Amino acid sequence: MNLKSLTLPEMAAILKELGQPAFRAKQVFTWLHKGVRSYDEMTNLPKALREVLAEQYPICPPKVVRKQESKRDGTIKYLWQLSDGNCVETVLMRYHYGNTVCISTEVGCRMGCAFCASTLGGLVRRLEPQEMLDQVLFTQVDSGLPVSHIVLMGIGEPLDNFDNVMRFLELVNSPQGMNISMRHVSLSTCGLVPKIDELAKRKLQLTLSVSLHAPNDEVRNKIMPVNRAYPSEELLQACRRYYAETSRRISFEYAMIDGVNDSEEDARELLRRLKGLPAHFNLIPLNHVEESPLKPSSKAAVARFQKILEEGGIPATVRRTLGGDIDASCGQLRRKYNKGCN
Ligand code: SAH
């Protein structure tokens, strides 16, 4: 495993084998989590150790293939090339409460949602913990902006890469590393029920976002194939169990698609089905994807939908679209420039 995927105790074991005193592990861990590009930057380490580590555990930072910066809102999107040539995207968004990075968890995705650009070429492979961490570290290093919040909402399905994602969260949460609080992390899933239950057992303080996008199975089956494996009622039951276990309010994402899921009756059906579950809705006017016939709902339809949810007791916000001028939604940049990098 890459040295940067290891926890501090695991790193200590490796350095011990190399005959190093215990405090070295903390030094190496801290340097790696600062996003150094070479062991030579670790100036408080003996030169001989730096040479051994460089030989046995090369650092291999991802390369910037594209960087696009929005003139409107300062959003920055990176397309990174990983050491095996595959590319993933990361987006840095600037909110009043802090800088947030949206990271990818897989190269491509196998979930097949009809409106999403990330899944068009299927799943290539899952990301290693260190490859998720590198997206945060090198976004911070390249932009010069400190990152305080992380959302797992880029390319891929985080719960389909469960163990690596859990390890990544442990790493970014580490006091000797980025020390990012779990309360500053959101994890988004299309609804893998058994994995939601597994996540609940961990009792992390993160925000679980569920990509619901439909009021019932009839609509959800059409746009999200995962719904055939885990129908919406099972998903909502899992959300109720998640809340019972963690006391964390669920955040539902709802991409508003013209004539598909945006009627007044759809909003009322959601109210009925979510009764008693503490929730929040993020209404996202669909980002149009070239390859798809689906279109965003009108502003009026979104406002009407929001009003019905709120009057029924479910807080609903319309997501501010950032980076609209830079292909900033899921998987669009990778699709566009994929030719050069797998
Ligand atoms: N696989 C995870 C996380 C990645 S996608 C999930 O499904 O939740 C992050 C969010 O963007 C999801 O809610 C996803 O459904 C949504 N999304 C994907 N393509 C979109 C598009 N074209 N317009 C609006 N939202 C989209």
**Q.** So Arg249, is it closer than 22 Å to Glu198 by Cα, more than 11 Å from the ligand (Cβ to nearest atom), surrounded by fewer than 21 Cβ atoms within 10 Å (Cβ to Cβ) and within 20 Å of the chain's Cα centre (by Cα)
**A.** yes
Q: Give the residue that is nearest to the ligand (Cβ to nearest atom), with candidates limited to residues of the range 197-235 that are among the β-branched types (Val, Ile, Thr) and surrounded by fewer than 21 Cβ atoms within 10 Å (Cβ to Cβ).
A: Ile223
Q. Got a sec? Which helices (runs of 4 or more DSSP H) wholly within the range 1-102 have at least 2 residues that are basic (Lys, Arg) and more than 28 Å from Thr119 (Cβ to Cβ)?
A. 23-32, 47-56
Q) Hey, among the residues in the range 116-143 that are assigned to a loop (DSSP other than H, G, I, E, B) and modelled with pLDDT of 95 or more, which one's farthest from Phe168 (Cα to Cα)? A) Gly122
Q.
Against the definition (more than 16 Å from the ligand (Cβ to nearest atom) and among the β-branched types (Val, Ile, Thr)), how does Val147 come out, yes or no?
A. yes
Q | Pair list, Cβ under 6 Å, 6 or more apart: the range 168-190 residue more than 14 Å from the ligand (Cβ to nearest atom), other residue aromatic (Phe, Trp, Tyr) | A | Gln176/Phe29
Q. For the range 66-104, what are the residues that are of a type in the set (Lys, Arg) and closer than 24 Å to Ser209 by Cα?
A. Lys77, Arg94
Q) Can Arg66 be described as among the charged types (D, E, K, R), farther than 15 Å from Val151 by Cβ and within 16 Å of the ligand (Cβ to nearest atom)? A) no
Q: Could you tell me whether the range 288-305 includes any residue that is more than 15 Å from Asn261 (Cβ to Cβ), assigned by TED's automatic domain parsing to the domain that holds Trp80, at pLDDT 95 or above and in contact with a strand residue (DSSP E or B) (Cβ under 6 Å, 6 or more places away or on another chain)?
A: no
Q | Index of the failed condition, Glu89 passing every other in (1) crowded, with 20+ Cβ neighbours inside 10 Å; (2) farther than 16 Å from Thr139 by Cβ | A | (2)
Q. Does Ser104 fit the bill of being surrounded by 20 or more Cβ atoms within 10 Å (Cβ to Cβ) and either modelled with pLDDT of 95 or more or more than 16 Å from the ligand (Cβ to nearest atom) (or both)?
A. yes
(Q) With the requirement that a residue be without any contact (Cβ under 8 Å) to a residue 40 or more places away in the chain, within 15 Å of the ligand (Cβ to nearest atom) and farther than 19 Å from Cys60 by Cβ, what does the range 107-144 give you? (A) Gly122, Leu123
Q: Could you please find all residues in the range 12-60 being at pLDDT below 95 and under 26 Å from Gln135 (Cβ atoms)?
A: Cys60
Q: Kindly indicate the residue of the range 261-284 that is of a type in the set (S, T, N, Q) and either in a loop (DSSP other than H, G, I, E, B) or not assigned by TED's automatic domain parsing to the domain that holds Arg220 (or both) and also farthest from the ligand (Cβ to nearest atom) among those meeting that condition.
A: Ser263
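The values are calculated or read from the model by the stated rules, or taken from the named source; none is laboratory data. None of the values given here were measured: they were computed from a predicted structure. Because the Cβ atoms are built from the backbone with ideal geometry, glycine has one as well, and the counts that use them run over all protein chains shown.
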